[in-house]
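The block underneath contains the structure these notes are about, expressed in structure tokens.
The values are calculated or read from the model by the stated rules, or taken from the named source; none is laboratory data. Model, not experiment: these values are computed from the prediction. Cβ placement follows ideal geometry from the backbone for every residue including glycine, while neighbour counts extend to all protein chains displayed.
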Amino acid sequence: MKNMGRNLSRYSEKVRRLWEGMNPCELCPRMCKVNRRAGEIGFCGTGDMAIVSSVGPHFGEESVLVGKGGSGTIFLAGCNLGCVFCQNYDISHFRHGQARTMEQIVEFMFDLNGHGCGNINFVTPTHVVPAVAGAIELARQRGLELPIVYNCGGYELVETLRLLEGYVDIYMPDMKFSDSAVAKELADAADYPEVAFAAVKEMHRQVGDLKVGANGVASRGLLVRHLVLPNKQAGSFKIMDFLAEEISPSTTINVMEQYRPCFKASSHPKINRRCTAEEIAKVREYAVSKGLNVLN
């Protein structure tokens, strides 16, 4: 964000530290160490301004987020993962959208609040977390009370997450892979399993298990997403073991079955097809057997 340096005094120390973390950029596990505040670009392909792809009430999210008014989604372009099967590749890889200031993001948040949304859902915020945290801070100073959802790919730096404590009410990470070789091939992130496992531990430390009110809508806590991949490429059982044994047996998880070969998936034979009903059922059954709270 241009000339942000002269305005940072209005923000908290946490937000200032996040902005400082872009020069050199060490906000995520990529550790690109480029000076994004001077316009240099790292793996995520994004400078210091958040690129917003779309904003609006979303009724396709988990029911515990949707409620009557939908989840108030702000889709952010770019990503710190390189998933070859990304279903939103036009946003994540090609970064379609417009650069927005923190003040503009705040206005989006209040517009969503005015539409009756039950939360503000930042989708893929990891690489632009300084702008996201700054916008949350400004919005709360103006009286916004909606829960904040941090909807991410799970490839998070624990040190960055610690600076978000108090800003995020609901963490919703993907847990994509439990095998390093697969993570390298399919997302260019060999360290994904160890990074994501550590990140989810920190998320749970901050917000605990998912809390759902009498209206069926979540207000706080951890909600994990796991996309089942064909031929056991996601390493699903190991992820379920981790959640049940190292996070909480009450962890809420959405076992997702909507995988389809998108983007460059056709170049990878093991994922060049949809999952079978049996593959999906086995993962769901295993998650239930571990005592996890599996969403329908």
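Filtered by the rule that a residue be surrounded by fewer than 22 Cβ atoms within 10 Å (Cβ to Cβ) and in contact with a Phe, Trp or Tyr (Cβ under 9 Å, 6 or more places away or on another chain), segment 146-173 gives Y167, D169. Candidates in segment 238-296 are the residues that are modelled with pLDDT of 95 or more and among the hydroxyl-bearing types (S, T, Y); of these, the one that is nearest to V212 (Cα to Cα) is T252. Count of segment 244-276 residues, restricted to those that are acidic (D, E) and surrounded by 15 or more Cβ atoms within 10 Å (Cβ to Cβ), is 1. If we scan segment 120-130, do we find a residue that is closer than 20 Å to R16 by Cβ, touching a helix residue (DSSP H, G or I) at 6+ places or on another chain (Cβ under 8 Å), surrounded by fewer than 18 Cβ atoms within 10 Å (Cβ to Cβ) and not aromatic (F, W, Y)? No, every residue in segment 120-130 fails to be closer than 20 Å to R16 by Cβ, touching a helix residue (DSSP H, G or I) at 6+ places or on another chain (Cβ under 8 Å), surrounded by fewer than 18 Cβ atoms within 10 Å (Cβ to Cβ) and not aromatic (F, W, Y). A search for C-beta distances below 6 Å between a residue of segment 86-106 that is over 16 Å from T126 (Cα atoms) and any residue that is among the charged types (D, E, K, R) and at pLDDT below 95, counting only pairs 6+ apart in sequence or on different chains, returns H96/D90.
Only residues that are surrounded by fewer than 18 Cβ atoms within 10 Å (Cβ to Cβ) and touching a strand residue (DSSP E or B) at 6+ places or on another chain (Cβ under 8 Å) were counted across segment 70-87, and they come to 0.
On the given criteria, is V255 within 24 Å of I91 (Cα to Cα), part of a strand (DSSP E or B) and among the β-branched types (V, I, T)?
So V255 passes the test.
The selection criterion, being modelled with pLDDT of 95 or more, more than 15 Å from A131 (Cβ to Cβ) and among the small types (G, A, S), does not hold for G67.
All of (1) over 22 Å from N121 (Cα atoms); (2) among the small types (G, A, S); (3) part of a loop (DSSP other than H, G, I, E, B) hold for A198 with one exception: (3).
Taking the criterion of being at pLDDT below 95, farther than 17 Å from P125 by Cβ and charged (D, E, K, R), would at least one residue in segment 30-38 satisfy it?
Filtering segment 30-38 down to residues at pLDDT below 95 leaves 37-38.
Next, from what is left, pick out any that are farther than 17 Å from P125 by Cβ: 37-38.
Checking the rest, the ones that are also charged (D, E, K, R) come to 37.
The answer is yes; a qualifying residue exists.
If you go through segment 88-104 and keep only what is of a type in the set (K, R) and surrounded by fewer than 21 Cβ atoms within 10 Å (Cβ to Cβ), you end up with just R95.
Scanning segment 79-130 for residues that are farther than 23 Å from Q233 by Cβ, aromatic (F, W, Y) and assigned to a loop (DSSP other than H, G, I, E, B) yields one hit, F94.
Among the residues of segment 38-59, those identified as more than 16 Å from the chain's Cα centre (by Cα), surrounded by fewer than 21 Cβ atoms within 10 Å (Cβ to Cβ) and farther than 17 Å from A135 by Cβ are A38, G39, E40, I41, F43, G45, P57, F59.
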